[in-house]
1. Would you mind telling me which numbered condition in (1) touching an Asp or Glu at 6+ places or on another chain (Cβ under 7 Å); (2) part of a loop (DSSP other than H, G, I, E, B); (3) at pLDDT 80 or above I3 fails?
2. Just checking, does region 27-38 include any residue being assigned to a strand (DSSP E or B) and at pLDDT 80 or above?
3. Is it true that some residue in region 6-24 is more than 10 Å from the chain's Cα centre (by Cα), within 12 Å of I83 (Cβ to Cβ) and at pLDDT below 85?
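The values are calculated or read from the model by the stated rules, or taken from the named source; none is laboratory data. None of these values were measured; they are calculated from a predicted model. When we count neighbours, we look across all protein chains shown, and the Cβ atoms used for this are built from the backbone with ideal geometry, even at glycine.
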Amino acid sequence: MKIDHNCWYQKDEKFANFKTGNYRRDEFTRYQKETGLDANSIMADPCFVNMSENNYQLDKNFPCINKGNPNFPFVANDKNVDIGALR
């Protein structure tokens with residue numbers, strides 16, 4: 001399975017535990033290099049409009065605008081899709 005074009009976010013320092021190692025948020029680049037995963041992904045606050053009210057639309061300051069998979073079959077206007085289910 002290939003994991004890529006994601007926006008990872010974790011409030012605490014722990015990001016991921018894999019057989020190859022444990023990673024904190026500030027070690028995202030090391031995680032990418034050592035695992036070969038998420039080459040086009042970012043570690044960032046997704047900036048949802050209002051999570052407490054279940055509004056998961058993306059705020060205009062969303063850091064993942066045009067950072068989605070460029071090979072996604074429904075890309076309009078020769079732009080990348082945004083990372084996120086509602087975009």
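1. I3 satisfies every listed condition except (3).
2. no
3. We begin by selecting, within region 6-24, every residue more than 10 Å from the chain's Cα centre (by Cα); these are 10-24.
This time we only want the ones that are within 12 Å of I83 (Cβ to Cβ), so: none.
The answer is no, given that none of the residues of region 6-24 is more than 10 Å from the chain's Cα centre (by Cα), within 12 Å of I83 (Cβ to Cβ) and at pLDDT below 85.
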